[in-house]
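Following: one structure in structure tokens, then a few remarks.
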Amino acid sequence: MKIKPYQKGIAFGIITALVTISLVSGVYYGMTSISNNNLLPPFEWDFSSLDALSLQISERSDYLLAFTTETVRLSEGWDGMNIPYFNYSVYSIHSYYITEDETQILHIGDYLDNETDYETYYTIQSEQLVPFSLALAKDLQTMENYTDIANNYWEEMDAVLVPGAFSIWIEHVYQDGSYIKIQSVGNTVFIRYARFKEYHGELNHWGIIDLDIEEFEDGRDKYKEFYKATIPQIFTNHTIAVNEFLEQFY
């Protein structure tokens, strides 16, 4: 059975911009939110090995507030253009919890829809996101050369940023205040972790604020947990999970 659209909303480029603003400035006004008082007790994440981390991501698959995956062809730095990578010319999936009416919203970005001013949203059950975590956990287990790069990750990232490189971005936002972002550049994968104190989710946008990130001397973000690894095949299980998920909508 195909899932029906929830309603029409504003263009998703604005949503992405608002998420970025929330991370940088930490400012949101007039929105219902989930703050420290409502978050679950903090999860204890084990970054000592990819096996340990993959097990925890699998076990905590029921606790996602927001999930994103996006495919990009890089131009300069982390700038780039979305490219269709998944089935049905899909380049992104964004799902996030709406705090006011307690629903999970979904937006799929593809090049099949000719509409430029409006995008289609769906309501889904949060359980439908579980396969993404399970698939990502399997992909983590295939990675090699796992290295802690928290003290010099900008240099490590800059070293692989080549115009034209293919990149996949994956974000997991959890009900306990955990934020995990995984980015690939070719066969190199970067894994970062931070905690946040407040989550906001409305139909058109979501965001997290008050991340526990310090700064390097040059003012760039300094994550306490930041790792690098190599992956033989780029998120094979994750890609399969995304394509199977899309069957519900096309």
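No lab work stands behind these numbers, since they all come straight from the coordinates. Worth saying up front: this structure is predicted, and the values here are computed from it rather than measured. Don't worry about glycine lacking a Cβ; one is built from the backbone with ideal geometry, like all the others, and counts go over all protein chains shown.
If you add up the charges near Ile240, with Lys and Arg at +1 and Asp and Glu at -1, over every other residue whose beta carbon is less than 13 angstrom from its beta carbon, what do you get?
Once all neighbours under 13 Å are counted, the net charge is -2.
Taking a ≥ b ≥ c as the square roots of the Cα gyration tensor eigenvalues, with a/c under 1.5 meaning rounded and otherwise prolate when a/b beats b/c, else oblate, which class fits the stretch 174-242? Walk me through the numbers on the way to the answer.
Numbers: a/c = 2.49, a/b = 1.24, b/c = 2.02.
Judged from the Cα gyration tensor, the stretch 174-242 comes out oblate (a/c at least 1.5, b/c at or above a/b).
Would you please give the residues with an amide H less than 5 Å from that of Ala150, counting only those at least 5 places away or on a separate chain, with H modeled from the backbone geometry?
Those lying under 5 Å, H to H, from Ala150 are Phe226.
Would you mind counting up the charge near Glu215? Only other residues with Cβ under 14 Å from its Cβ, with Lys and Arg at +1 and Asp and Glu at -1.
Working: positive: Arg220, Lys222, Lys224; negative: Asp212, Glu214, Glu217, Asp218, Asp221.
Neighbourhood net charge equals -2.
Could you work out the local net charge near Met143, counting Lys and Arg as +1, Asp and Glu as -1, over the other residues with Cβ closer than 11 Å to its Cβ? Intermediate results must be reported in sequence, preceding the final value.
On the way: positive: Lys138, Lys228; negative: Asp51, Asp139, Glu144.
Here the charged neighbours net out to -1.
So what is the relative contact order for the stretch 53-164, in percent, with contacts set as C-alpha pairs under 8 Å and at least six apart?
Across the stretch 53-164, relative contact order equals 31 percent.
Apply the Karplus parameterisation 6.51 cos²θ - 1.76 cosθ + 1.60, with θ equal to phi minus 60°, to every residue of the stretch 200-205 and state each ³J(HN,Hα) to the nearest whole Hz, in sequence, with x for glycine and proline.
10, x, 10, 4, 8, 6
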